[in-house]
Amino acid sequence: MKAIFNILFITFLVLPDPIYSNQISFVKNSDTLNINNNDNDFCDHFFIADTHYFSKQLNSFSDLMNDNTGVYVLEQGGGAFISRAWLSQNAENTIDVQYFIFSVDNIGLIVTDYLLRAAERGVKVRILLDDLMVDADTDDILALDAHQNISIKIYNPNLNIGKNWCSKIKTLFTDFKGINQRMHNKTFIVDGKISITGGRNIADEYFDYDHEYNFRDRDVLLIGEGSHDIQDSFDQFWNNKIAKPISELVKLSDKDYDFQSVYKRLHDYACDPNNFWLQIRNRIKHIPSTFEEIKSSGKLIWVDSVAFVSDIPGKNIYDGEMWGGGITTTALIELVKQAQTEILIQSPYLVSSDLSLGLFKDARMRGVKIKILTNSIASTDNIEAFSGYQRNRKKILDTGVNIFEYKPDAQIRRDIMYNDIQEKLDYSPIFAIHAKSMVIDSKITVIGTFNLDPRSANLNTECVTIIYSQEIAENVKSLMEKELQPENSWEVTKSFNPDSKVSIVKRFKIYIRRIIPISIL
């Protein structure tokens, strides 16, 4: 029975509904890509004459960077993409990226091209990806890894890369906990001085590019002291034995594989302005001014207390059970216990446990108001997680927590998303919450990768940035409260929920997921 359950669960986990699986091929076959080689002018904006521009930009902050952290919250998907592009273009020594998902879609290909161009300038690029969701052809990954300045490792490669169906089935039967232990960290670090971390993976839907489904997400850009801890965390993961070089896992299918043709096709794809939304194209043309805009926005705030907290590689790997907590779990528990007046939370998934229910109940008994925004049945991308939430929704309400569920057509998308996608399409893509954030007592802001579910608490490695700044807390809180308004979300009560807003087919899919124990969702 356990073996059958294992297979069912991984099938649900790895094979999502087709509506959310619209991916394109990588660059080996140019016939699958939309490539226009006639616009060389657009590519001119990728190149930089001053190779020390990055250092010059940071010089004005040199005194502040020693003991403080510059904090800039990235609310817009387009802005989050441009920030990564600017960092990639201006990196002088190193780029380190760590992601759970790095898709082979429009955004994934363009970001990969930025990293390749940096490597071609002599920048050392390290890419660390979780094994489970890698969807690129292994020959293409090996082609990138073959570049003298690019190194690629795979975290916990026990189910996907280099595995045939026989070995996958064997692992399902013999190492169920192991295949559920994923690296959910998301970091992008340049020269050890500037970093971006938060909820966004590298895929169209995290940057307002998808035609069917987009996430409302949140990252934070950190300059100076806070980036040092993120760099240390990345190095810890990179050097751990659970992260394996891609070259040790798979070999090229053809010894004469032409790496340079892969690089050229990737460049050609990213040089085609038709592969960028109009507003993104305009922003790319003004990338040199990106950092100046950040500095002059008034939203780059220097803070003397920022903590980056990450789980260790192989979290609970030696514990035979499906629980055990973690460093991030403990840090968040302490923050909730210390709250005095109010906690605002955004989490795409809200799968409660006895521990979280007890934390909520204790906080409410202390007089702390708690409001949580999560996805509705109509906006969720994860019906397994929603099934777990749905089963315990009444218990959460019984603790005194106010629950809000995101509307798939939340009107705030008109402020957060670049509007060129909305103008081009004659329909509105689904808009779902993916931000994992918390504001406590209007003084402390948490931005990270941690979902409110047992999987984040016990299985996945997670990371969070804890920012002790009233100014930042009030800015983030203001936007979070807007998302609780009726035009953006439904308030759930014991007598009302919006589950009837979707088809009976989706409701049935969620119902049959009740076979999955809540403890592993």
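Read-outs throughout are calculated quantities, based only on the coordinates presented, and are distinct from any laboratory measurement. Predicted, not measured: the structure shown is a model, and the values here were computed from it. We place every Cβ from the backbone using ideal geometry, glycine too, and count neighbours over all the protein chains shown.
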To the nearest 20 debye, what is the magnitude of the charge dipole of the range 325-370 about its Cα centre, counting +1 on the Cβ of each Lys and Arg and -1 on the Cβ of each Asp and Glu? 140
Among Phe276, Phe207, what is the fewest-to-most ranking by other Cβ atoms within 10 Å? Phe276, Phe207
Given a Förster distance of 60 angstrom, what is the FRET efficiency for Gln236 paired with Asp258, based on the Cβ-Cβ distance and rounded to 0.05? 0.95
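Out of the DSSP beta bridges found with both residues in the chain, what percent are antiparallel (nearest 5)? Walk me through the numbers before you get to the answer.
Numbers: 48 of 77 bridges.
If I count the DSSP bridges inside the chain, around 60 percent turn out antiparallel.
So if we plug the beta-carbon distance of Lys494 and Asp175 into 1/(1 + (r/R0)^6) with R0 = 41 Å, what FRET efficiency do we get, rounded to 0.05? Intermediate values should be presented prior to the final figure.
Working: r = 41 Å, r/R0 = 1.01.
Efficiency computed from Cβ-Cβ geometry: 0.50.
Filter Lys407/Lys501; Lys193/Lys241; Lys168/Lys506; Lys361/Lys395; Lys395/Lys482 down to the pairs with a C-alpha to C-alpha distance above 19 Å, please. Mind dumping the intermediate values first?
Working: Lys407/Lys501 10 Å; Lys193/Lys241 26 Å; Lys168/Lys506 29 Å; Lys361/Lys395 10 Å; Lys395/Lys482 26 Å.
The answer is Lys193/Lys241; Lys168/Lys506; Lys395/Lys482.
Going by average Cβ density within 10 Å per residue, which order do the peptides 512-519, 214-221 take, highest to lowest? Kindly include the intermediate steps, with their values, before the conclusion.
Working: 512-519: 15.2, 214-221: 26.5.
Answer by packing, highest mean first, reads 214-221, 512-519.
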Could you tell me which of Phe54, Ser428, Ile327 has its Cα farthest along the dipole of the chain towards the positive end, charges placed at Cβ (Lys, Arg +1; Asp, Glu -1), taken about the Cα centre? Ile327
Direction-averaged shadow area of the convex hull around the Cα atoms of the range 46-301, nm²? 14.5
Based on the Cβ-Cβ distance from Arg366 to Ile312, what FRET efficiency comes out when R0 is 30 Å, to the nearest 0.05? 0.45
Estimated distance in nm for a label pair at Asp304 and Ser503, the labels positioned 7 Å out from Cα along Cα-to-Cβ: 5.8
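Ranking Ser261, Ser83, Ser227 by Cβ neighbours within 10 Å, fewest first, what do you get? Provide the component values of the computation, followed by the final result.
Working: Ser261 13, Ser83 22, Ser227 26.
Fewest-to-most Cβ neighbours within 10 Å comes out as Ser261, Ser83, Ser227.
Sorted from fewest to most neighbouring beta carbons within 10 Å, what does the list Glu225, Glu342 look like?
Working: Glu225 20, Glu342 16.
Placing the least packed residue first, the sequence is Glu342, Glu225.
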Please report the spacing between the Cα centers of the range 340-381 and the range 243-272 in Å, no decimals. 44
Please compute the modelled spin-label separation between Gln338 and Asn274, points set 7 Å along Cα→Cβ, answer in nm with one decimal. 5.5
Kirkwood-based Rg/Rh on the Cα set of the range 307-520 evaluates to 0.96
For the chain, what does -39500 (n - 2.57) per DSSP helix run (n ≥ 4), summed and divided by total residues, give at 222 nm, in deg cm²/dmol to the nearest 500? -11000 deg cm²/dmol
